[in-house]
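Computed from the coordinates by the stated procedures, all read-outs in this text should not be read as laboratory data. Predicted, not measured: the structure shown is a model, and the values here were computed from it. Here Cβ is always computed from backbone atoms with ideal geometry, including for glycine, and neighbour counts include all displayed protein chains.
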Number of protein chains: 2
Amino acid sequence: MFDMPTQPHAGEPAPAGEPVPPLEAGRPCAACGLLPLCFPHGRGVPAPIAIRHQRVAKGDSLFRRGDSFLHVQAVKTGYFKTVISDRLGTEQVIGFHLPGDLLGLDGMLHGQHGCDAIALEDAEVCVASCFDAGEMCRQSAQVQEGFWRSFAQVLTGHERRALLLGQGVQAQQRLAMFLEDWSRRLRAAGLPHQEIVLPMTRQEIGSLLGLALETISRCFAKLESKGAIEVRQRSIRIVDAKLLAGAGLWPGEGG
Amino acid sequence: MFDMPTQPHAGEPAPAGEPVPPLEAGRPCAACGLLPLCFPHGRGVPAPIAIRHQRVAKGDSLFRRGDSFLHVQAVKTGYFKTVISDRLGTEQVIGFHLPGDLLGLDGMLHGQHGCDAIALEDAEVCVASCFDAGEMCRQSAQVQEGFWRSFAQVLTGHERRALLLGQGVQAQQRLAMFLEDWSRRLRAAGLPHQEIVLPMTRQEIGSLLGLALETISRCFAKLESKGAIEVRQRSIRIVDAKLLAGAGLWPGEGG
DNA sequence: CGCTCACTTGAAAGTCGTCAATAGGTGTGG
DNA sequence: CCACACCTATTGACGACTTTCAAGTGAGCG
């Protein structure tokens, strides 16, 4: 447990960095998008660049639309959502992010972030300067390749989400696909993926999937009555992964 | 007009490359994602690497799910769709691509393409080897930055599409947003963007937007009756861009 | 000239969104 | 420790929108 020190504004990264010590030497986080920068020479050999750590309190934003893009960031602990607010002020969730995920890469386009990243619970992020990242990629083909792969990971996530818009994909299927995907990602991050505690509200799930929060609630009930999952508030237990997969319609994984 | 020579299979890039001459010296395509590689030193100075050209006949695929990812590719002329087929064989459109767009970057993740790229009409693509691209990015920070920006462009396009899933975004709004976005991209590519001839069918639009083809047809009629557009088959004329923008709900652009 | 494919248009049925009321959970403050 | 307020989640009823099924028209191509 952390005893939260006086929390600085998370909006702009603290110039000098937090007094959080660097990662315990040789203990890379599982499947992190910053891994190529963090441990470019393999386990045990720390990075030659400064990777700063930063805490973000629940509900605070790591960055907001319009903020300058100066850092490559990855979630270390906790969960984030990224949202875009339309002209009416209603916010549209475009993604949820768990430990290891890179954040805000869309900012590379114009040097400004295109969305807000908001912590769903108290969280920590790892931060490398863009400049350092570029430098390292130029020095090592291996680092570059790893970094490109991290980009592609983000891209692939977006493409997977496009499948939610499939012809007549029903609400129940969407939720099933979401849960399956979330579980898969938790697993990839080395976190428990069968007994899940969702960090987001029904409304936020609904926003991502294009459904009303009531529909999400009803679909949880339906999937539970089918025996695919057990639901108690935000605690989800995946009882029958096969049944859940059958409810969704992901394309064949292996190819 | 091209008089199509005997068309080789487009599936695997021809090892030796097509006999198409390189771009006319010093005439970069407008807003191309490969520009940083094609003209790294500015206009007039050709690239030090080989950028091969390739033709793809209408209906043929540039690559398919599972193909090795070995090249960075950009549309030169014509239009493409990228699709993912689910287990049942129905294909889900995840994007349309016009001249300048990079194609198949998701393949960087596992070294295999995750979707199929299919030409909507006879098309040409520019192809650079991954190896060369990496090499050039390592040699020049400027090239690297440009290339990263191209990545981010693709990413941003996906995020924009996530807005289609906004709370209660109606079919008509979705189509309006699609047309607006398509027009904007045509404009960025230096193509006519008010008198449009859509390269895709109603069904394909519907697939992208998560709507039935009949709904697309009806929404075209509605938008026409509103006076926002004129429709004749695939020819669309944007009469009142403001009205069209009002039908959609994009977030404030500049802000 | 006739075929096929794309598109249009109509009617019926189903799903989901909205509105509303209620219950449960959490956190704060007395 | 309890009470209160607030937020989140559940559940029901109704209405609107979209899908589906169907038939028919039009355009492009061999």
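When cysteine pairs in chain A are screened for C-beta atoms closer than 4.7 angstrom, the residues that find no partner are A:Cys38, A:Cys115, A:Cys126, A:Cys130, A:Cys137, A:Cys219.
Note on segment B:68-133 and segment A:179-254: Cα centroid distance 30 Å, given to the nearest whole angstrom.
Take the convex hull of the alpha carbons in segment B:54-199; its mean projected area over all directions comes to 10.0 nm².
Near B:Arg232, within a Cβ-to-Cβ distance under 14 Å, what is the net charge of the other residues, with Lys and Arg +1 and Asp and Glu -1?
Working: positive: B:Arg202, B:Arg234, B:Arg237; negative: B:Glu195, B:Glu224, B:Glu230.
Summing Lys/Arg as +1 and Asp/Glu as -1 gives 0.
Charging the Cβ of each Asp and Glu at -1 and of each Lys and Arg at +1, and nothing else, the dipole of the protein assembly as shown about its Cα centre rounds to 740 debye.
With label points defined 7 Å past Cα in the direction of Cβ, position B:Ile49 shows copy-to-copy spacings of 2.0 nm, given to one decimal and shortest first.
Rounding to the nearest 20 debye, state how big the charge dipole of chain A is about its Cα centre with +1 on each Lys and Arg Cβ and -1 on each Asp and Glu Cβ.
600 debye
With its label point defined 7 Å out from Cα along the Cα-to-Cβ axis, A:Arg149 lies at 2.8 nm from the matching points of the other copies, in increasing order. Across the options A:Gln144, A:Ser61, A:Val239, the greatest Cα extent toward the positive end of the charge dipole of the protein assembly as shown (unit charges at beta carbon of Lys, Arg, Asp, Glu) belongs to A:Val239.
Considering only Cα atoms, the convex hull volume of the protein assembly as shown works out to 154 Å³ per residue. Helix A:213-225 versus the longest principal axis of chain A: what angle, 0 to 90°, nearest 10, using Cα atoms? Helix A:213-225 sits at roughly 70 degrees to that axis.
Per DSSP H run of at least 4 residues, take -39500 (n - 2.57); add these up for chain A, divide by its residues and hand me the 222 nm value, nearest 500 deg cm²/dmol.
When only DSSP H runs of four or more count, the value is -10000 deg cm²/dmol.
Each peptide among B:221-227, B:66-72, B:166-172 gets the average number of other Cβ atoms lying within 10 Å of its residues, and from highest to lowest they stand as B:66-72, B:166-172, B:221-227.
If you plug each phi of segment A:239-250 into the Karplus form 6.51 cos²θ - 1.76 cosθ + 1.60 with θ = phi - 60°, what whole-Hz ³J(HN,Hα) values come out, in order, with x for Gly and Pro? Result, ordered by residue: 7, 10, 4, 5, 5, 5, 4, x, 5, x, 8, 4 Hz.
Each residue of segment B:144-150 was assigned a 3J(HN,Hα) from its phi angle through the Karplus expression (A = 6.51, B = -1.76, C = 1.60, θ = phi - 60°), giving 4, 4, x, 6, 4, 5, 5 Hz with x at Gly and Pro.
Determine, at each q value in 0.21 (inverse angstroms), the log₁₀ of I(q)/I(0) that the Debye formula gives when each Cα of segment B:166-247 is one equal point scatterer. Log-scaled intensity ratios, in q order: -0.97. Candidates B:Cys38, B:Gln112, B:Gln92 compared by Cα position along the dipole of the protein assembly as shown: farthest toward the positive end lies B:Gln92, with charges placed on Cβ.
Answer rounded, prolate or oblate for segment A:100-140, using the Cα gyration tensor with square roots of eigenvalues a ≥ b ≥ c: rounded when a/c is under 1.5, else prolate when a/b is larger than b/c, else oblate. Kindly include the intermediate steps, with their values, before the conclusion.
On the way: a/c = 3.14, a/b = 1.49, b/c = 2.10.
Since a/c reaches 1.5 but b/c is at least a/b, the shape of segment A:100-140 is classed as oblate.
Take every Cα pair under 8 Å whose residues are at least 6 apart in sequence, average their separation, divide by the length of chain B, and the relative contact order is 17 percent. Whole-Hz Karplus values for segment B:227-235 come out as x, 7, 9, 10, 10, 9, 6, 8, 7 Hz, taken residue by residue from phi with 6.51 cos²θ - 1.76 cosθ + 1.60 and θ = phi - 60°; glycine and proline positions read x.
P(r) for chain A, from all Cα pairs and a bin width of 5 Å, is 1, 6, 12, 17, 18, 16, 13, 9, 6, 2, 0, 0 %, short bins first.
Find the relative contact order for segment B:35-157 and round it to a whole percent, using C-alpha pairs within less than 8 Å whose residues are 6+ positions apart. Could the numbers behind the result be given before it?
Numbers: 240 pairs, mean separation 42.6, N = 123.
Relative contact order for segment B:35-157 comes out at 35 percent.
Seen against the Cα atoms of chain B and their longest principal axis, helix B:171-188 is set at about 40 degrees. Principal axis extents of the C-alpha atoms in segment A:141-182 (largest first, rounded to whole Å): 44, 18, 7.
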